[in-house]
C-alpha cells in the first residue's frame, strides 16, 4: 500500500514538474513572440524612416528645380518689361503729360 502511495506521489510530482515545465515553455515562447514582434516593428519603422528621408530629399530636389525654372522665367519676364520700359519710357511720360494737360 505504501508502495502504491509512493508511486501516486511520484506520479503527481512528475505531473506537476511537467506542468511547470510546460508553463515555463509557454512563457518563453510568449516572450520570444513579443521580442520578434518588437524586432519586426522596429525594422519596419527604420525602413519607413529611410524611405521618408529618401522621398524628402527627392521632393526637395524637385522643388529646387521648379524654383530655379520659375526664377529664370520671372527674370526673363522682368528683363522684357525693363526693355519695353526703357524703349517707351519717354513716349509714355509725354503721352501722360499731354493727356493730363488737355483737360
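Of the residues making up the range 1-14, one or more are modelled with pLDDT under 95 and not in a helix (DSSP H, G or I).
Could you give every pair whose Cβ atoms fall below 8 Å, whose first residue belongs to the range 16-33 and is at positive phi and part of a helix (DSSP H, G or I), and whose second residue is surrounded by fewer than 10 Cβ atoms within 10 Å (Cβ to Cβ) and modelled with pLDDT of 95 or more, counting only separations of at least 6 or pairs across chains? Listed pairs, sorted by first residue: none to list.
The values are calculated or read from the model by the stated rules, or taken from the named source; none is laboratory data. Being a predicted model, the structure only gives us computed values, none of them experimental. In this analysis, Cβ positions are derived from the backbone assuming ideal geometry, glycine residues included, and neighbour counts consider all displayed protein chains.
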